[in-house]
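Engineer: Got a structure for you, written out below as C-alpha cells; questions coming shortly.
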Amino acid sequence: MDYQVSYEHSLKTDPDAFIVRVPSQRVEGIPSSLPRDLLPDYITELILQRSPAIGKIRNLRIL
C-alpha cells in the first residue's frame, strides 16, 4: 500500500537541529497486513533506511 505522510527531519551531522519540513511525501511498499497502530514506526524506519543522511524524524503524520 501507499501512504502520504508529512514530517520534519534533521541531518545525521546535527541530529537535534530539525531543519527540514516535508509537507507531503508518498511512501510506497507498506504491507497491507500491517496493523494501523504500527504504521508510524514502520514508515519512520523505512524513510530512515532509504535516506541515510537523515538523523531523526519527528511529527510524522499520515495524511
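Engineer: Condition first: within 13 Å of the chain's Cα centre (by Cα) and either exposed (fewer than 14 other Cβ atoms within 10 Å of the Cβ) or within 16 Å of LYS56 (Cα to Cα) (or both). Now tell me which residues in region 12-28 satisfy that. Steps first, please.
Structural biologist: Going residue by residue through region 12-28, those that are within 13 Å of the chain's Cα centre (by Cα) are 20-28.
Across region 12-28, the qualifying residues are VAL20, ARG21, VAL22, PRO23, SER24, GLN25, ARG26, GLU28.
Engineer: Which ones in region 48-62 are among the β-branched types (Val, Ile, Thr) and within 12 Å of ARG21 (Cβ to Cβ)?
Structural biologist: ILE57
Engineer: Here's another thing I want to ask about it. Under 6 Å between Cβ atoms, at least 6 apart or on separate chains: pull out the pairs that start in region 1-23 with a residue that is within 30 Å of SER33 (Cβ to Cβ) and end on any residue that is modelled with pLDDT under 95 and part of a strand (DSSP E or B).
Structural biologist: GLU8/PHE18; HIS9/VAL20
Engineer: Within region 29-52, can you find the residues that are exposed (fewer than 10 other Cβ atoms within 10 Å of the Cβ) and in contact (Cβ under 8 Å) with a residue 12 or more places away in the chain?
Structural biologist: If the condition is that a residue be exposed (fewer than 10 other Cβ atoms within 10 Å of the Cβ) and in contact (Cβ under 8 Å) with a residue 12 or more places away in the chain, then GLY29, PRO31, SER32, PRO52 are the ones that fit.
The values are calculated or read from the model by the stated rules, or taken from the named source; none is laboratory data. All of these numbers come straight from a predicted model, not from anything done at the bench. Quick reminder, even Gly has a Cβ in these numbers, built from the backbone with ideal geometry, and neighbours come from all protein chains shown.
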